[in-house]
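One structure below.
The values are calculated or read from the model by the stated rules, or taken from the named source; none is laboratory data. What you see is a predicted model, and the numbers here were worked out from it, not measured in a lab. Positions of Cβ are backbone-derived with ideal geometry, glycine not excepted, and every protein chain shown enters the neighbour counts.
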Amino acid sequence: MIKLQRFIFNPFHENTYIVWDEDSSEAAVIDPGCYNKFEENELGKFIENRGLFVKYLINTHCHIDHIFGNDFVIGKFNAPLYAPEKDAFLLESAVEHAKFFEVRFNPSPKPDKFITEDLKLFLGKSPMKFIFTPGHTPGEFCILFEEKKICITGDVLFRESIGRTDLPGGNHQTLIDSIKNKLMTLPDDIQIFPGHGESSNIGYERNNNPFL
């Protein structure tokens, strides 16, 4: 069975997720935002205490608040990094972004593999489906665990809101198209777990999201 744990990290109150398969103990760390030693320890202890094997480190997109912990997770768990190719420029410019926001940042290693919609990854026997949803950034992907009715939506779709598009590479119409053509075609009972704020579901957002 697939399980999910959320952590709220860093000055941007970003949601970091650990998703794991109970039978195999294989885990994915998604958008690690751990910013300081306390947050790194919280994430690391959770993984160690449950005996999880970090099979993947995944960035839905590469804004700095979602990649603070890349270097930590790779260094501690030797996990391969999967990230969107079209967001590589954000990884490369993250040090400059950190100076702009006056935050501390350990540079992220380069991705081991780029995410595509054809990418096939599994936790145990449970497949992950990658859905290309640009607009907030040029390369963002959502992650769907279809059998478990779970979708991690990064900064694309929030509870009663959507991702901002005024940052480099953002495009409002592209974001709306991604949501309507890719996410709103999913069943109403798919739970969404966004990069900030509380969870929701597709049906609720279809009927209540003022941006749609």
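Here are some notes:
- Note on the stretch 26-45: residues that are in contact with a Phe, Trp or Tyr (Cβ under 8 Å, 6 or more places away or on another chain) and either aromatic (Phe, Trp, Tyr) or closer than 16 Å to Leu121 by Cβ (or both) total 7.
- Here the condition is being touching a Pro at 6+ places or on another chain (Cβ under 9 Å) and among the hydrophobic types (A, V, I, L, M, F, W, C); of Ile162, Ile143, Ile152, Ile131, it holds for Ile152 alone.
- For the stretch 81-121, filtering for residues that are of a type outside the set (Lys, Arg), part of a loop (DSSP other than H, G, I, E, B) and closer than 17 Å to Pro32 by Cβ leaves 8.
- Looking only at the stretch 4-23, and only at residues there that are touching an Asp or Glu at 6+ places or on another chain (Cβ under 8 Å) and within 15 Å of Arg50 (Cβ to Cβ), the one that is surrounded by the most Cβ atoms within 10 Å (Cβ to Cβ): Trp20
- Some residue of the stretch 72-84 being loosely packed, with under 15 Cβ neighbours inside 10 Å, modelled with pLDDT under 95 and more than 13 Å from the chain's Cα centre (by Cα): no
- Of all residue pairs spaced 6 or more apart or on separate chains, those with beta-carbon atoms under 6 Å, a first member in the stretch 84-113 that is without any contact (Cβ under 8 Å) to a residue 40 or more places away in the chain and a second member that is among the acidic types (Asp, Glu) are Asn106/Asp71.
- The set of residues in the stretch 1-23 being touching a His at 6+ places or on another chain (Cβ under 8 Å) and among the basic types (Lys, Arg) is empty.
- Selection within the stretch 130-163 - within 13 Å of the chain's Cα centre (by Cα) and surrounded by fewer than 16 Cβ atoms within 10 Å (Cβ to Cβ): Phe132
- Test for Ile152: is it within 26 Å of Asp21 (Cβ to Cβ) and modelled with pLDDT of 95 or more: yes
Each row is one residue, and each column tells you yes or no for (1) among the basic types (Lys, Arg); (2) in contact (Cβ under 8 Å) with a residue 40 or more places away in the chain; (3) closer than 26 Å to Glu48 by Cα.
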{"residue": "Gly75", "(1), (2), (3)": "no, no, yes"}
{"residue": "Asn78", "(1), (2), (3)": "no, no, yes"}
{"residue": "Phe132", "(1), (2), (3)": "no, yes, no"}
{"residue": "Asn171", "(1), (2), (3)": "no, no, no"}
{"residue": "Leu186", "(1), (2), (3)": "no, yes, no"}
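- Here Phe72 passes the criteria (1) in contact with an Asp or Glu (Cβ under 9 Å, 6 or more places away or on another chain); (2) within 21 Å of Cys142 (Cα to Cα) except the one numbered (2).
- Filtered residues of the stretch 171-193 (kept if in a loop (DSSP other than H, G, I, E, B) and under 17 Å from the mean Cα position of the chain (by Cα)): Ile190
- Listed conditions (1) buried (at least 22 other Cβ atoms within 10 Å of the Cβ); (2) acidic (Asp, Glu); (3) under 17 Å from the mean Cα position of the chain (by Cα) are all met by Glu198, apart from (1).
- Number of the exception - Pro168 against (1) over 24 Å from Arg6 (Cβ atoms); (2) not in a loop (DSSP other than H, G, I, E, B): (2)
- Taken together, the residues in the stretch 24-58 that are aliphatic (A, V, I, L, M) and loosely packed, with under 14 Cβ neighbours inside 10 Å amount to 0.
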